[in-house]
Amino acid sequence: MPKKKRSALKRIRQTRRRTTIKTLAKSAARTAVKAARAATPDALESAIKRAASALDRAAKRGAVHKNAARRGRSRLAKRAAKAKG
């Protein structure tokens, strides 16, 4: 087995850390969106705010593409408008 250079070991550490951070951000966004979809009409407003914020944070960290986050926010807003009547 070949020896690993110090730079390669550093890249491995960086990748492991970055993967963990992005996975957590994506998971938090998904959970928030699911909660917003399942929210009752009286709790819908705050749930959508939390989900939009989680989507934006995930996009900022690169866990989700910027346009995918915007699309998710748009779909949640359409759902909220429909629920209001």
Across the range 1-50, what is the number of residues that are surrounded by 13 or more Cβ atoms within 10 Å (Cβ to Cβ) and outside any helix (DSSP H, G or I)? 1
Go through (1) loosely packed, with under 13 Cβ neighbours inside 10 Å; (2) at pLDDT 95 or above for LEU55 and report which single condition fails. (1)
When the range 13-30 is checked residue by residue, the ones that are over 14 Å from ARG73 (Cα atoms) and of a type outside the set (D, E, K, R) are GLN14, THR15, THR19, THR20, ILE21, THR23, LEU24, ALA25, SER27, ALA28
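The values are calculated or read from the model by the stated rules, or taken from the named source; none is laboratory data. Values in this document were obtained by computation on a predicted structure and should not be read as measured data. Methodologically, a virtual Cβ is constructed for each residue, glycine included, from the backbone with ideal geometry; neighbour enumeration extends over all protein chains shown.
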